[in-house]
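The values are calculated or read from the model by the stated rules, or taken from the named source; none is laboratory data. The shown structure was predicted, so the numbers you read here are calculated from the model rather than taken from an experiment. Every residue, glycine as well, gets a Cβ built from its backbone with ideal geometry; the counts of neighbours run over all protein chains shown.
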Amino acid sequence: MSSYTVAQNTSFLTAASVLQKVISFFYFIFVARIIQVENTGVYFFAITFTTIFTVVADFGMGPVLTREAARYPDRSQDYFNTVFWTKIVFGATAYLLVVILANILRYPPLTKDLIYVSGITMFLDNMLTAFYSIFRARKNLIYESIGIIGSQFTTLVIGTTALLNHWPLVWLIIAYTSASFLNVIYISFAIKKVYNIRIRFVWNSSIFKIFIATALPFAIAGIIGRLYSYSDSLLMSKMLTAKELGWWSVPYKITFAFQFIPVALSASVYPVFSSLFISEKTAIGPLFEKAWRYLFAIVFPLAFGLMAIADPVVNHVFGQQFAPSVTPLRILLVSLIFGFLGFITSAALNATNRQKIQTKLIATALVVNVILNLILLPKLRIDGAAIAALTSNAILCLAGLYFASRQVAINFKNIIKYINQTLWPALAMAASAYYLSTKIHYFPTITISGIIYLALICITGVITKENISLVFSKIKPKSI
């Protein structure tokens with residue numbers, strides 16, 4: 001059966017995620033402009049609220065299934081069935097928690113209705129991760145990529161139909177639920193066809209005991225991590241207004257839209273890290289450095305470039321009603337740098353059986369984030385939430401790098417070299433973008449600034465003829 005290299009898998013998932021994020025971003029703009037700020041806040045929060053509980057539904061089983069199936073492919077069928085039915089039980093439990101907590105917190109009836117439907121989406125997406133884990137273990141991300149695109153297209157069609165026909169707000173959530181349901185059907189047929197793995201009413205207690213013990217650190221880390229990612233939204237839902245949540249949704253959505261890049265890369269390198277930890281541990285360090293180099297070249301121009309043109313982008317794209325979103329957007333773009341790099345440090349720690357360290361780091365970042373939000377939200381409102389996110393993200397990333405370097409040999413001279421090759425070209429590009437944005441429309445500003453950045457990284461040696469040839473040779477599919 002065909003399998004793919006890290007470069008190929010990253011290309012597949014990145015291409016799919018780019019298309020998905022582009023569609024999702026423009027769809028969100030459409031939604032925000034039509035339903036206005038307050039309804040955008042309610043809609044955004046309902047999805048955010050249920051997203052928190054996905055880690056309860058998964059309970060760390062996804063990463064463990066990927067890791068173990070990568071190490072022992074012949075046991076994939078037994079692993080899959082045990083994990084699948086375990087996730088069904090955990091998913092139902094998570095949905096019950098969603099309903100209970102939504103009522104305990106006494107959210108308005110509309111908010112609760114949206115949360116209930118969004119919880120169904122959470123349950124279905126939890127099932128999907130069991131299938132995706134097998135494909136990731138086999139280093140085959142093309143089917144996941146197809147599912148990502150198909151789901152987003154389905155959401156777009158149903159959601160747009162609802163908006164144009166002025167259907168109730170809940171239909172925007174139903175659009176996601178329908179897409180997830182169809183994706184489950186698709187991926188269940190795909191895994192049967194490709195690997196002859198099918199859903200069977202089989203549950204192995206021995207496998208469950210081993211997996212649950214192994215997954216516990218992942219689960220705790222996941223729960224803490226999810227609370228870390230969304231604790232600000234929970235606090236804002238009780239401390240701020242729906243309109244302020246709507247303003248917050250814009251910088252959050254913009255920065256989140258780019259997370260597919262480190263997610264795709266970490267999904268590709270994680271099983272490789274896991275395999276190398278068994279067979280060739282010394283090779284993990286160089287792969288880690290290459291992953292960071294790739295992210296430097298992308299996140300620096302993204303962060304600093306968008307900071308330079310944040311004002312015209314928000315005001316022209318979303319409208320003047322979202323003007324208060326500009327400052328938190330600029331702060332979150334700095335946080336994006338640490339967020340990108342943190343995905344790789346997390347993958348390295350998890351793959352080298354250092355889940356407990358990663359859990360402690362996330363717990364520390366969570367405590368810092370909550371304390372800062374409690375202090376800053378009453379005074380600075382959504383700007384305070386952005387500052388809290390930046391501070392805690394920086395702590396998580398830098399501490400993760402320190403502990404990862406204790407497990408694998410990381411050449412920090414190479415890291416510094418890669419930063420030098422990409423940081424100053426990004427800053428020069430951002431300065432030109434800021435100047436141009438005061439003279440011309442932001443569309444040509446982005447194009448010109450992008451050309452400037454590409455020219456500068458060619459000068460610094462990030463892009464060479466050899467690199468281009470190597471990329472094209474690696475993305476050509478081949479059966480092995």
- Assess whether Thr282 counts as being β-branched (Val, Ile, Thr), out of contact with any helix residue (DSSP H, G or I) (no Cβ under 7 Å at 6 or more places or on another chain) and touching a residue at least 12 places away in the same chain (Cβ under 8 Å). yes
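Yes/no matrix, rows are residues, columns are (1) under 25 Å from Asn350 (Cβ atoms); (2) modelled with pLDDT under 90:
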position: Phe59; (1), (2): yes, yes
position: Glu68; (1), (2): yes, yes
position: Leu96; (1), (2): no, no
position: Met122; (1), (2): yes, no
- Does Arg226 satisfy the criteria of being under 26 Å from Phe80 (Cα atoms) and not in a helix (DSSP H, G or I)? no
- Query: When segment 137-168 is examined, which residues are found to be outside any helix (DSSP H, G or I) and surrounded by 18 or more Cβ atoms within 10 Å (Cβ to Cβ)?
  - Reply: Arg138, Lys139, Asn140, Leu141
- Message: Let me confirm something: among Thr438, Thr352, Thr445, which residue is surrounded by fewer than 22 Cβ atoms within 10 Å (Cβ to Cβ), of a type in the set (Val, Ile, Thr) and under 23 Å from Gly305 (Cα atoms)?
- Response: Thr438
- Within segment 67-81, residues being of a type outside the set (D, E, K, R) and either more than 17 Å from Ala130 (Cα to Cα) or surrounded by 24 or more Cβ atoms within 10 Å (Cβ to Cβ) (or both) number 3
- Query: So which pairs qualify, if the first residue must be in segment 142-166 and under 18 Å from Leu265 (Cα atoms), the second must be in a helix (DSSP H, G or I) and among the β-branched types (Val, Ile, Thr), the Cβ gap must be under 8 Å, and the two must be at least 6 apart or on different chains?
  - Reply: Tyr143/Ile187; Tyr143/Ile191; Tyr143/Val194; Glu144/Ile187; Gly147/Ile187
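Yes/no matrix, rows are residues, columns are (1) over 30 Å from Ile362 (Cα atoms); (2) charged (D, E, K, R); (3) touching a residue at least 40 places away in the same chain (Cβ under 8 Å):
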residue: Gln20; (1), (2), (3): no, no, yes
residue: Ile34; (1), (2), (3): yes, no, yes
residue: Glu38; (1), (2), (3): yes, yes, yes
residue: Ile47; (1), (2), (3): no, no, yes
residue: Ile52; (1), (2), (3): no, no, yes
residue: Ala70; (1), (2), (3): no, no, yes
residue: Asp74; (1), (2), (3): yes, yes, no
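Suppose the filter is touching a residue at least 40 places away in the same chain (Cβ under 8 Å), hydroxyl-bearing (Ser, Thr, Tyr), under 24 Å from Ala264 (Cα atoms) and surrounded by 20 or more Cβ atoms within 10 Å (Cβ to Cβ); does Ser118 pass it? Outline the logic, then answer.
On the way: touching a residue at least 40 places away in the same chain (Cβ under 8 Å): yes; hydroxyl-bearing (Ser, Thr, Tyr): yes; under 24 Å from Ala264 (Cα atoms): no; surrounded by 20 or more Cβ atoms within 10 Å (Cβ to Cβ): yes.
No, not satisfied.
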- Residue list for segment 435-456, restricted to those being over 28 Å from the mean Cα position of the chain (by Cα) and more than 17 Å from Ile298 (Cβ to Cβ): Tyr435, Leu436, Ser437, Thr438, Lys439, Ile440, His441, Pro444, Ile448
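What are the residues in segment 205-260 that are among the charged types (D, E, K, R), more than 20 Å from the chain's Cα centre (by Cα) and buried (at least 22 other Cβ atoms within 10 Å of the Cβ), if any?
Going through segment 205-260, the residues among the charged types (D, E, K, R) turn out to be 209, 226, 232, 238, 243-244, 253.
Now restrict to residues that are more than 20 Å from the chain's Cα centre (by Cα): 209, 238, 243-244.
Across segment 205-260, there are no qualifying residues.
Give me the residue from segment 26-43 that is more than 16 Å from Pro168 (Cβ to Cβ) and in contact with a Leu (Cβ under 6 Å, 6 or more places away or on another chain) and, out of that set, surrounded by the most Cβ atoms within 10 Å (Cβ to Cβ).
Of all residues in segment 26-43, those more than 16 Å from Pro168 (Cβ to Cβ) come to 26-30, 32-33, 37, 41.
Now narrow it down to the ones that are in contact with a Leu (Cβ under 6 Å, 6 or more places away or on another chain): 27, 41.
Values: Tyr27: 18, Gly41: 26.
Of everything passing the filter in segment 26-43, Gly41 is surrounded by the most Cβ atoms within 10 Å (Cβ to Cβ).
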